[in-house]
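The values are calculated or read from the model by the stated rules, or taken from the named source; none is laboratory data. Keep in mind the model is a prediction, meaning the values are calculated, not measured. Cβ: placed from backbone, ideal geometry, glycine included. Neighbour counts: every protein chain shown. To get the accessible areas, we keep the full protein, side chains included, count just its heavy atoms, and leave off ligands, DNA and RNA. Shrake-Rupley method; radii C 1.70, N 1.55, O 1.52, S 1.80 Å.
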Amino acid sequence: NLKLVQEEATKQVQEGAHVLDVNVGVSGIDEPKLLKEAILAVREVTEVPLCIDSALPRALEAGLQVYEGKALVNSVNGEERKLKEVLPVVKQYGAAVIGLTMDDDGIPKDAPKRLQIARKIVEEAQKIGIPPEDVIIDPLAMAISTDHTAALETLKAFRLIRDELGVNQTMGASNISFGLPERHPINGIFLAMAAIHGVTCPILDPTVWEIRRSILITDLLLGKDEYCMNFISIYRDKFPQE
């Protein structure tokens, strides 16, 4: 029922989403076919750029075939097979790509290893003509409920990647608080810390006001909102009675 997809896309954009991630990865379906249909359905209701999200290279290519404009692909990683399968498709369709800092040995715990994988992804992309500005690195924030140092190590990775590679960075904002109470406040504070260390385009649900507010205030305090006009405008729209 792609009407549900359209409704969700509209709601996300109304609440401030800048890019929409489209993923239809469910067991037992024709993913390339359905991903095409989902992308076309979303394009009927919004012109916001799309991130085409699949673990299957053939599904990614199917989605890129019907997408008009510059898409974002989610994702490639440091595995040799993934680099060889995904990057040529990204190049062929002139897309940008998210690079996950994991490789054939899995997700490294330490920040320097994540930097090493990020460097490899950027270099391999450049070899086939994908510029660094079209690579967004995701150092993979992990749950602090299973490793109390996970957030700190991820922040280190953000900083290392920012200082050496200078590329845009993303993360799944909610990963950090998995399994814990008070998830929204944890996620919001981590988002602010991540922005200081190099994150430029986090993955989050803007329909959760507490999270969206954290992003707006972070931009405010980092001098990215001239005369606070964006914050004031959105706040007035959200709370017209105040």
Counting Lys and Arg as +1 and Asp and Glu as -1 over every other residue whose Cβ sits under 15 Å from the Cβ of Gly166, the net charge comes to -2
Long-range alpha-carbon pairs in region 78-213, meaning those over 25 Å apart, account in percent for 27 percent
Karplus ³J(HN,Hα) for region 88-100 (6.51 cos²θ - 1.76 cosθ + 1.60, θ = phi - 60°; Hz, whole; x = Gly/Pro) runs x, 5, 4, 5, 4, 9, x, 8, 9, 9, 8, x, 8
Looking only at lysines whose Cα falls under 16 Å of Lys156's and that sit 8 or more positions away or on another chain, we get Lys109, Lys113
Here FRET efficiency (C-beta to C-beta, Glu242 to Thr149, R₀ 41 Å, nearest 0.05) is 0.50
With a 1.4 angstrom probe the carbon and sulfur portion of accessible area for region 176-241, in percent, totals 62 percent
So the pair-distance distribution of the chain, from every Cα-Cα distance in 10 Å bins, comes to percents of 7, 29, 36, 24, 4, 0
Share of Cα-Cα pairs in region 32-137 beyond 21 Å, whole percent, is 34 percent
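Would you work out what percent of the accessible area of region 1-140, with all protein chains in place, is carbon or sulfur (probe 1.4 Å)?
Numbers: 3470 of 6880 Å².
Of all accessible area on region 1-140, carbon and sulfur atoms account for 50 percent.
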Kirkwood Rh for region 134-187 from C-alpha pairs, in Å, is 11.7 Å
Computed from the beta carbon distance with a Förster radius of 30 Å, FRET efficiency for Leu180 and Leu221 to the nearest 0.05 stands at 0.75
Judged on accessible area alone, 1.4 Å probe, highest first, Arg212, Arg236 line up as Arg236, Arg212
Full extension between Trp209 and Lys91 adds, at 0.36 nm per residue less the Cα distance, a length in nm of 38.8 nm
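Given the Cα-Cα distance of Glu133 and Tyr235 and 0.36 nm per residue of separation, how much length would full extension add, in nm? Provide the component values of the computation, followed by the final result.
Numbers: separation 102, 0.36 × 102 = 36.72 nm, distance 3.18 nm.
Extending this stretch completely gives an extra 33.5 nm.
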Taking a crude spin-label model, label points 7 Å out from Cα along the C-beta direction, the Asp110 to Cys201 distance in nm is 3.1 nm
Residues meeting the amide H criterion for Val135 (H placed from the backbone, H to H distance under 5 Å, 5 or more places apart or on another chain) are Val97
Sorted by chain and then number, the residues having a modelled amide H within less than 5 Å of the amide H of Asp21, at least 5 places away or on another chain, are Cys51
Regression test value, accessible area per residue of the chain, probe 1.4 Å, units Å², expected 52 Å²
